[in-house]
1. Just give me the residues in the range 2-12 being touching a Phe, Trp or Tyr at 6+ places or on another chain (Cβ under 9 Å) and in a loop (DSSP other than H, G, I, E, B), in sequence order.
2. Of everything in the range 32-69, what is in a helix (DSSP H, G or I), out of contact with any strand residue (DSSP E or B) (no Cβ under 7 Å at 6 or more places or on another chain) and modelled with pLDDT of 95 or more? Give them in sequence order.
3. Would you please name the residue that is nearest to residue 105 (Cα to Cα), looking only at residues in the range 132-155 that are at pLDDT 90 or above and not β-branched (Val, Ile, Thr)?
4. For the subset of the range 71-105 comprising residues that are at pLDDT below 95 and not β-branched (Val, Ile, Thr), which member is nearest to the chain's Cα centre (by Cα)?
5. With closer than 16 Å to residue 23 by Cα and touching a Phe, Trp or Tyr at 6+ places or on another chain (Cβ under 7 Å) as the only criterion, which of 132, 90 stands out?
6. Considering only the range 4-18, I want to know if a residue exists there that is in contact with a strand residue (DSSP E or B) (Cβ under 7 Å, 6 or more places away or on another chain), closer than 27 Å to residue 156 by Cβ, of a type in the set (Phe, Trp, Tyr) and modelled with pLDDT of 95 or more.
7. Within the range 12-60, work out how many residues are among the polar types (S, T, N, Q), free of Cβ contacts under 8 Å to residues at least 60 places away in the same chain and surrounded by 15 or more Cβ atoms within 10 Å (Cβ to Cβ).
Amino acid sequence: MDRYLIVGLGNPGKSYDKTRHNIGFRALQELARKHGLEFRKRADFKGSVAEGQIGTAPVLLLMPLTFMNESGEAVAQIVRYYQIDLSRLLVLTDDVALPLGQLRMKINSGSGGHNGLKSIEDHLQTNRYARLRIGVGDREEGDLTSHVLGRFSEVEEKLIPGVLERAVQSVEIWLDKGITSAMDFANVRI
């Protein structure tokens with residue numbers, strides 16, 4: 001069975017819940033919720049995994065429980081175990097270079113300085129997979145690490161359900177109609 005693998009990036013642990021860096025986890029959790037899929041911790045994959053169908057597509061959803069900088073280890077393990085064709089891999093991640101809520105779907109692009117994507121590229125030894133970058137906004141001032149590990153403001157948090165809905169729709173289009181249609185939907189400026 002040719003499965004699709006959708007990975008949400010984030011950091012494990014309650015202290016990282018709802019941080020900007022964990023928007024990939026949140027988008028993946030919303031996708032799972034919408035389609036009635038449940039996550040189970042899998043030590044062999046160093047992550048939480050949900051398995052099932054979205055539409056007619058057989059899917060695996062992975063939230064690596066390594067820290068962001070080591071996400072590639074979990075991704076590479078599950079890719080090898082299930083022999084996932086990399087054209088069926090999509091990674092959901094935060095992007096500070098995009099305004100809050102802006103989506104950008106790309107394929108075969110670099111890490112853009114994102115340590116989670118860099119780890120995946122290092123472990124897979126390629127960047128030939130799709131990624132959905134979810135804009136979390138850049139910092140006004142101060143340290144980048146503090147910004148991405150910080151939480152959204154109250155005003156920003158009110159926008160997040162709509163952002164997650166668009167991210168989920170982008171994934172559904174990718175599964176149903178392919179990367180080009182998904183990029184046409186996701187890459188519209190808001």
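The values are calculated or read from the model by the stated rules, or taken from the named source; none is laboratory data. Keep in mind the model is a prediction, meaning the values are calculated, not measured. Cβ atoms come from the backbone with ideal geometry, glycine included; neighbour counts cover every protein chain shown.
1. 3, 9, 10, 11, 12
2. The answer is 33, 34.
3. 132
4. Among those residues, the one meeting the criterion is 94.
5. Numbers: 132 fails: touching a Phe, Trp or Tyr at 6+ places or on another chain (Cβ under 7 Å).
Answer to the check: 90.
6. Checked against the condition, which is being in contact with a strand residue (DSSP E or B) (Cβ under 7 Å, 6 or more places away or on another chain), closer than 27 Å to residue 156 by Cβ, of a type in the set (Phe, Trp, Tyr) and modelled with pLDDT of 95 or more, the range 4-18 yields no hits at all.
7. Qualifying residue count, the range 12-60: 2.
Here is a yes/no grid of residues against (1) touching an Asp or Glu at 6+ places or on another chain (Cβ under 9 Å); (2) crowded, with 18+ Cβ neighbours inside 10 Å; (3) not in a helix (DSSP H, G or I):
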{"site": "87", "(1), (2), (3)": "no, no, no"}
{"site": "92", "(1), (2), (3)": "no, yes, yes"}
{"site": "106", "(1), (2), (3)": "no, no, yes"}
{"site": "116", "(1), (2), (3)": "yes, yes, no"}
{"site": "128", "(1), (2), (3)": "no, no, yes"}
{"site": "137", "(1), (2), (3)": "yes, yes, yes"}
{"site": "175", "(1), (2), (3)": "no, yes, no"}
